[in-house]
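So the structure is just underneath, and the comments pick up after that.
The values are calculated or read from the model by the stated rules, or taken from the named source; none is laboratory data. Small disclaimer: the values here were computed from a predicted structure and weren't measured. Neighbour counts are summed over all protein chains in view; Cβ atoms, including those assigned to glycine, are modelled from backbone coordinates with ideal geometry.
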Amino acid sequence: MYDARGLGDSLDKFFDKEWVDPGTGREYPALIFDEGVNRSDAIKILRPFKAVQALNQRIYTNLRVALEKRRIELPVNERVIRAEDNEDKRKMTKEEHAVYYEADTLQIEMGNIIAKVGQSGNVLYDTPRHSMHKDRYSSLAMGNDYISEIEKDTMARRQRGAACVGLATYF
């Protein structure tokens, strides 16, 4: 999943052709998206997210529901882990530190999200100042939205099947 309306060059234009791995010399097929180039040899792996007001509202709601129902769990604060490490006389590895740092930064970004009413009366979810970031929040929300859509499709397919009321056997 990627932000198709992101700044700079569109990410999808870099993946619509075959490419060769410079290290191994192996050629790989093109990667395509849910929309765009229809090639039978391409691998459908990337999904664009084009943010509009309705989608922004949906991803905010889906993420909030997932967090409230504890379907998504975030690591505890790094300071708590460091205090426990000091008691155990264990040093945290750089990889462990990176996980907690990113999780702490994500929580800070999520705390900065506020609802603003736009000029047309729409509710916008943004930061109070443009200097504040919400990249990690947006990534989590877009990924969670994709998973929510898969779950919704799966539930719809299961409901369409024939209902099994009971089963009787004789021995």
remark   = The lone condition S10 fails out of (1) within 13 Å of D145 (Cα to Cα); (2) modelled with pLDDT under 85; (3) among the polar types (S, T, N, Q) is (1)
query = Do any residues in region 109-129 that are closer than 13 Å to Q53 by Cα and surrounded by 11 or more Cβ atoms within 10 Å (Cβ to Cβ) have Cβ atoms under 9 Å from those of residues that are modelled with pLDDT under 85 and of a type in the set (V, I, T), where the two are at least six apart or on different chains, and which pairs are they?
reply = K116/V123
note = Residue pairs within 7 Å by beta carbon, gap of at least six or interchain, first lying in region 131-150 and hydroxyl-bearing (S, T, Y), second assigned to a helix (DSSP H, G or I), listed first then second, are Y137/L106; Y137/E109; Y137/M110; S148/N62
query = When region 16-41 is examined, which residues are found to be β-branched (V, I, T) and either in contact with a helix residue (DSSP H, G or I) (Cβ under 7 Å, 6 or more places away or on another chain) or modelled with pLDDT of 75 or more (or both)?
reply = V20, T24
query = Out of all the residues in region 42-55, is one or more over 25 Å from K152 (Cβ atoms), within 25 Å of the chain's Cα centre (by Cα), of a type outside the set (D, E) and at pLDDT 80 or above?
reply = no
